[in-house]
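Enquirer: Please read through the structure below; I'll follow up with questions.
The values are calculated or read from the model by the stated rules, or taken from the named source; none is laboratory data. None of the values given here were measured: they were computed from a predicted structure. Glycine also receives a Cβ, built like all others from the backbone with ideal geometry; neighbour counts cover every protein chain displayed.
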Amino acid sequence: MKNSVFYDICNRLDSCNKSCYSDSITCTKKILKHQIGGDYNKFLEIKAECIDSDYSSGAANFISQAALVVAVYSFATDILDRIIDYVIIKIIISLFYFLIASVFSIYCLRKITNKKSIIKWRKYILVVLDDMEKNWSTYFN
């Protein structure tokens, strides 16, 4: 995803929005018009990548994965209580489990935050692409 045209557009929109005082739609129109340049195949490529890049549900996925981690931990500690009588071994296994769960959580959060520009700009790009498709001759003549 990092080398896609859509990802590059989202990053340029982040830069453009910080440097100019135009609204989000104006910035999006300007960058998309320049990127597409009247090439309908390029337009379709960007639209397909935009539709395919729905990362807004990433936070919900992370929460469900975190719930799974807690459930597995509860199950594992219940089994450990029945099998192992030594408290120190239970503590060591619990710490190891939390270490693995923490690394997994950090990994998931990084994946979500790396997509922040895509999550932010996807809705504007979709609206502008729909408008461009309806009014193609207005944009590219």
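Enquirer: Going by what's in this entry, would Val127 be described as modelled with pLDDT of 80 or more and either part of a helix (DSSP H, G or I) or in the same structural domain as Cys27 (by TED's automatic domain parsing) (or both)?
Expert: For Val127, the condition - modelled with pLDDT of 80 or more and either part of a helix (DSSP H, G or I) or in the same structural domain as Cys27 (by TED's automatic domain parsing) (or both) - is met.
Enquirer: Thr77 is checked against (1) under 20 Å from the mean Cα position of the chain (by Cα); (2) not hydrophobic (A, V, I, L, M, F, W, C); (3) not assigned by TED's automatic domain parsing to the domain that holds Cys16 and fails just one. What number does that condition carry?
Expert: (1)
Enquirer: So Arg110 fits all but one of (1) within 30 Å of Val5 (Cα to Cα); (2) not in a helix (DSSP H, G or I); what number is the exception?
Expert: Unmet condition: (2).
Enquirer: Still on this model: Could you tell me whether any residue of the stretch 57-67 is in a helix (DSSP H, G or I), surrounded by 14 or more Cβ atoms within 10 Å (Cβ to Cβ) and either at pLDDT 85 or above or more than 23 Å from the chain's Cα centre (by Cα) (or both)?
Expert: No, there is no match, as no residue in the stretch 57-67 is in a helix (DSSP H, G or I), surrounded by 14 or more Cβ atoms within 10 Å (Cβ to Cβ) and either at pLDDT 85 or above or more than 23 Å from the chain's Cα centre (by Cα) (or both).
Enquirer: Against the definition (assigned to a helix (DSSP H, G or I), surrounded by 10 or more Cβ atoms within 10 Å (Cβ to Cβ), in contact (Cβ under 8 Å) with a residue 40 or more places away in the chain and of a type in the set (Ser, Thr, Tyr)), how does Ser117 come out, yes or no?
Expert: So Ser117 fits the description; yes.
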